[in-house]
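A short reminder: the numbers here are calculations on the coordinates, not readings from a lab. Model, not experiment: these values are computed from the prediction. So basically every Cβ, Gly included, is an ideal-geometry build from the backbone, and we count neighbours across all protein chains shown.
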Amino acid sequence: MNSINTADNPYFSIWWHPRATIRRIVDRDPRTMVLILVSVGALLTAAGMFVAHPPVAFTLANKPVHSIAPERWQRFRWYFLAGCVPVAIGTLYAMGALIRWSGALMGGTAKAMEVRAALGWPRVITIAGSLVWLGAILLGLYQAPVGLGAAGHFSFRNLLPSPTPIGALTLGLSIWGIIVCMECIAEVHRFSAWKAIAAWVIAWLAMIGVGLAVGLAASVVAIPFIIHLAIMHFVKCIIAIHFH
C-alpha cells in the first residue's frame, strides 16, 4: 500500500515549501484550482458573518440593544454571501494584473496568470484557519465576534482575535498565509521576498489610488446634476411662495 507523499501534494507542500510548490503548479497549469480556492475562501468569510453577532449600540438591564435591526442584519448577511465570490474573483484579477505590473518594475518576469496562482494557492492556509475558527465557534470553544463596534461604528479591535488558544492559532495561520503568499509572488517573479512585499504594497496603493480617482471623477460628474436639482428646488419654492 503506497503512502501519500506530502512533498508532491500541493495542498500539503504549500505550507512548508511554497516556492517549489508554486513553481510546479505554474509550470504545469497556473489555472489549476485557483478560482475554486479563492471562491471557497470567500464563502468561508461570508459564513463568518452568519455566526457573528449583530452590532451592539448599548446595553439595557444587562441585555444588548442592537444598532441594526435583526431583519436588516439578516439581509446584509445574504447580500454579503451573494456578492462575496464575484468580488473575490474580481479582486484576484485586479491584484494579479497590478502585481504583475509592479513586479515588472523591479525586474519580475511573471505573467498575470502566474501571479493569480501565487495569490490563490496560499488560500489553502487561510481556508484552514477559517475552518478552525468556524469549527471552534460551532463547538462552543470560541466566542463569535460582534459584527461592528459600539453604536454600529467600525472598530479595529473587532479585527483582532480574542486572547485564547484558538484566537492565537487563527492569527498565526493568517500571518503564515501572508508569508507564504509573499514567497509565492517572489517565486513566480523570480526575485526576493522583499521585492515581493514591495510589489504587493505598490499594487495595493495603486488600487486605492484608482478607487479614489474613480470616486472623485464620479463626484465631479454628479456636481452639475446636483446643481440642477438645487436650482429646480429653489425655483419651485419661489413659485410656491409667489402663488401662495
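Here are a few things to note about the model shown:
- Rounded to the nearest 0.05, the FRET efficiency derived from the C-beta distance between Ala112 and Val201 at R0 = 22 Å is 0.75.
- Working from label points 7 Å from Cα in the Cα-to-Cβ sense, the Leu171 to Leu216 distance is 3.7 nm.
- Calculated FRET value between Phe80 and Arg19, using beta carbons and R₀ = 30 Å, to 0.05: 0.30
- Relative packing of 109-119, 9-19, 94-104, which averages over residues the other C-beta atoms within 10 Å, highest first: 109-119, 94-104, 9-19
- Under 14 Å from a label point set 7 Å out along the Cα-to-Cβ vector of Leu105, the amide N atoms of the range 193-229 belong to 195-210.
- Each residue in Ile223, Ile25 was given a count of other beta-carbon atoms within 10 angstrom of its own, and listing them fewest first yields Ile223, Ile25.
- Placing a pseudo-label 7 Å from each Cα along the Cα-to-Cβ vector at Leu138 and Tyr11 gives an inter-label distance of 1.7 nm.
- Segment Ala97-Arg190, extension gain: residue separation times 0.36 nm, minus the distance between their alpha carbons: 31.8 nm
- When Thr21, Thr170 are arranged by Cβ crowding within 10 Å, least crowded first, meaning fewest neighbours, the order is Thr170, Thr21.
- Taking other C-beta atoms within 10 angstrom as a stand-in for reagent exposure, Leu92, Leu43, Leu139 fall in the order Leu139, Leu43, Leu92, fewest first.
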